């Protein structure tokens, strides 16, 4: 079904995979063949450095939603923003409900509208479209690059290289700066065969994620989709696979384009944005993934990660064993905080689920919903616990579903059809009952991401599936069913895009700012607190220690109910690690008192008495450390933090609570590490085995001459674990840093860097 090649491979004429460089079909050097990828040509066209090893990218367009754009614009305003230099779309698809925190959410929307007017942007009102569907319909263009402050910023199927990053990377673009990265590896994703009837894009995506996530095969690389099967897939099908590439931890994606993609642009009134893309006659890839679509069956990603994949047939055939395996994995993810069992989901030998959802940028596409309608038409979901909700990804899609009768058929079956909203994806809509099992065509199924609260003893299970099999399960009244088990006539209606919907409701400045407009600030919209530059010497207290194999950004700063506070840095910080380590905030605040005392010109030892023996021990070797050359704060250790969302707040919340660093064995994604750097935090790496660390939660670590070490670009930074009986040496690394990244860390954060 899926084969991962060891080492690189050549693609000849877009159809033949060749691994031997001596093969006569490989008639150019590897270095030249590597330049023939679509990714290379697009990156080269957007690189301003003149050096293809060290890229400095300027994007064509940007997009953000309403739990990221306030912080981004506030950071940019504090750094000297005058106008949006490129088209910048502000969508309102996350805090759309305006149901939490009084007027908080709608205040953010009014902030966005007035900023779009003042700085020359585009504002999409709530319920009109989810961020990525609007981008597909109105922003994407062949050969272009788009940067978004959401991790699922992926428009490769439309010939657009798109990347999801933390907010500070968008701030850099707003200030006419660049996105700086090494030239990424490019991995070919060779599609062969043809999907069986009833197999959808989520099935293909989950199969690929299951094959490449755990081994990091495409981590921080570009996935380039090629091969004969691409042309056999519709635009919607390709989009459905493409959006899920984020869950592989790749950097970006790009696909070959053809007449079907040209038709997509034509339908949306933008045919001039189409560009034919294809690799060169001989193209070298740093890796190759062979995917036989004909062999892929309906898939399910069991809790609590998109890579925990099985075929639905496997689950139904080995139900007790697989549910037991999920329960065992949950012992790690949930730290034993709740009793978690799935055995009661077995009813008459079958898996019973309480909820089905098709939603958002992954599931809410026109073809997915039409296929689901074909499956459930004439059937009903019953009157027991099972519920079924469908969220079209944009109002134009919704309108067409109304016109072709799909909405009526869905509602007749007991389905609730709702407006464009990302809530089910991050815990702000359709939160299941405690211990319920939900199947979703959405993007992620991390613990508690669906909205339950571990700290309150709540837990629900989310499994990812394709819309087709979710509809089949709904038609079977909640019993897990593969779409291929049903005999269905798929009508495949044609899509018609009504451009007047956006023309009537979306504010578009057409790039013309109006400086006279006053930005509207609600009482929950707060400025970033002042942040100090990196001191010469640093003492950090370990205030949280996480030994899970991977720590998600949802665990670092929860989604869902916290979303209303994304515009309030200090208010949001109160939720940091609340689901993973509820005592973290208190510990961080306690040691932060020392840094606040230093900044006020007072003695840190008076603020935090437990520092006295620590500093005394340090003075035995470093007597000069003290007033004027010392900073004090906190750090966390995690084995592999940062999987998941691009949300910058996973780092900024630590910083506003006094965090100076993270210590990790590795970082799950580039974007989380970038967020740490942009908020002035040291992204330390340790080679110590996480089960045998020389430090523990509550210990102090002293990093002498840390500022000089950053300035001098040292590979290894010497630190010490300070205990009563002495100081134990600890070697820390910072990994590869660009000169601007070092300067940001030295200045204390991106805001300070741009203030000068």
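Quote the FRET efficiency, to the nearest 0.05, computed for residue 31 versus residue 384 with a Förster distance R0 of 45 Å and r equal to the Cβ-Cβ distance. With R0 = 45 Å, the Cβ-Cβ based efficiency is 0.10. Distance distribution P(r), segment 299-500, all Cα-Cα pairs, bin width 5 angstrom from 0: 1, 8, 17, 21, 20, 15, 9, 5, 2, 1, 0 percent. Cβ crowding within 10 Å ranks 468, 755, 742 as 755, 742, 468, fewest other Cβ atoms first.
Just to be sure I follow: if Rg is taken over the C-alpha atoms of segment 615-727 and Rh is the Kirkwood radius over the same atoms, what is Rg/Rh?
Checking Rg against Rh, the ratio lands at 0.97.
The fraction of all Cα pairs in the chain landing in successive 20 Å bins from 0 to the largest distance is 17, 51, 29, 3, 0, given as whole percents. Name all residues of segment 236-271 having a backbone nitrogen under 13 Å from the label point set 7 Å from the Cα of residue 2 along its Cα→Cβ direction, giving them as ranges. Only 241-242, 244-250 fall inside the zone, counting backbone N under 13 Å.
Between residue 517 and residue 266, the C-beta separation translates, for a Förster distance of 30 Å, into a calculated FRET efficiency of about 0.25.
Neighbour counts of other C-beta atoms within 10 Å: give me 266, 108 arranged from fewest to most. Intermediate results must be reported in sequence, preceding the final value.
Details: 266 15, 108 27.
Going from sparsest to densest Cβ surroundings: 266, 108.
Estimated from the Cβ-Cβ distance and a Förster radius of 56 angstrom, the FRET efficiency linking residue 593 and residue 53 is about 0.80. Please give the helix 319-333 orientation as an angle from the longest Cα principal axis of the chain, in degrees from 0 to 90, rounded to the nearest 10. Orientation of helix 319-333: about 20 degrees from the principal axis. In terms of its Cα atoms, segment 537-755 spans 48, 39, 34 Å along the principal axes, sorted from long to short. I'd like the distance between the alpha-carbon centres of segment 61-137 and segment 697-725, rounded to an integer number of Å. Cα centres, segment 61-137 to segment 697-725: 40 Å.
May I ask for the angle, rounded to the nearest 10°, between helix 104-119 and the longest principal axis of the chain, with both axes built from Cα atoms and the value confined to 0 to 90°? Taking Cα atoms only, the helix is inclined about 90 degrees.
Using a simple spin-label model with pseudo-atoms 7 Å out from Cα toward Cβ, residue 689 and residue 83 lie 6.0 nm apart.
Within segment 671-692, list the residues whose amide N lies under 13 Å from a label point set 7 Å along Cα→Cβ of residue 716. Flagged as within label range: 686-688. Stokes-Einstein diffusion of segment 61-177 at 25 °C, 0.890 mPa s viscosity, Kirkwood radius from Cα pairs, rounded to a whole number: 174 µm²/s.
Counting only DSSP beta bridges with both residues in the chain, the antiparallel share comes to about 40 percent. In terms of surrounding Cβ atoms within a 10 Å radius of their Cβ, 477, 541 rank from fewest to most as 477, 541. In a fully extended conformation the segment linking residue 350 and residue 739 would gain 134.3 nm over its present Cα-Cα distance, using 0.36 nm per residue.
Spatially, segment 535-575 and segment 457-529 are offset by 27 Å when compared through their Cα centroids.
The angle between the Cα long axis of helix 69-78 and the longest principal axis of the Cα atoms of the chain comes to about 40 degrees, rounded to the nearest 10. The mean of 1/r over all pairs of different alpha-carbon atoms in segment 1-71, once inverted, gives a Kirkwood hydrodynamic radius of 15.5 Å.
Where a number appears in this text, it was derived from the coordinates with a stated rule and is not lab data. None of these values were measured; they are calculated from a predicted model. In this analysis, Cβ positions are derived from the backbone assuming ideal geometry, glycine residues included, and neighbour counts consider all displayed protein chains.
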